[in-house]
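Here is the structure we will look at, set down as structure tokens.
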Amino acid sequence: IVTCSKYGTCPKCRCPASNLQDLEKASPRTRLWTEGVINEAKANAGSSPKEFHKECMMHDVTGGIYVPFWQDLPYMDIHKCIMPDVLHQLYQGIFKHLIGW
């Protein structure tokens, strides 16, 4: 939620959830890009929250945030602040595998 990225997608790049296993680098998410998607969705959706959500989700941006908390912090790029938590991801992967097994 902090990066406004859709669940299951990378918070640092624009790689769709279905392509996370690919070795090719995707374009990075940036503050300007995320704000642009949100502003474009606001303009295209009018006053319809459902349309806003749909517009955002087409770009893998969460559709529930109209104004990110970091919008007024001029030197903040939230996407650069997120670091992967490999230990947590490994634990979750093994735990889900064992539960499913």
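Throughout, read-outs are computed from the coordinates displayed, never taken from laboratory work. On a predicted model such as this, the values are computed, not experimentally measured, just so you know. Note: ideal-geometry Cβ built from the backbone for every residue, glycine included; neighbour counts use all protein chains shown.
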Starting from the amide H of CYS13, placed 1.01 Å from N in the peptide plane, find each other amide H under 5 Å away whose residue is 5 or more places distant or on another chain.
ARG29
Answer with one residue from ALA41, TYR75, ILE1: the one whose Cα lies farthest towards the positive end of the charge dipole of the chain, charges on Cβ with Lys, Arg +1 and Asp, Glu -1.
ILE1
I need the Debye-formula profile for the chain: one equal scatterer per C-alpha, no solvent, reported as log10 I(q)/I(0) at q = 0.11, 0.19, 0.20 1/Å, two decimals.
-0.40, -0.97, -1.03
Highest GNM mean-square fluctuation among ASP72, ASP22, ASP85, for the chain with Cα springs under 10 Å, belongs to ASP85
Karplus couplings for the range 54-66 from phi (6.51 cos²θ - 1.76 cosθ + 1.60, θ = phi - 60°), rounded to Hz, Gly and Pro as x?
4, 4, 5, 5, 5, 10, 6, 10, 4, x, x, 10, 8
With 0.36 nm assigned to each residue of separation and the Cα-Cα distance removed, CYS13 to CYS81 gains 23.2 nm
Taking the chain and dividing mean pair separation by its residue count, relative contact order in percent (alpha carbons under 8 Å, at least six apart)
29 percent
Computed lengthening from SER27 to LYS50, 0.36 nm per intervening residue step minus Cα-Cα distance
5.6 nm
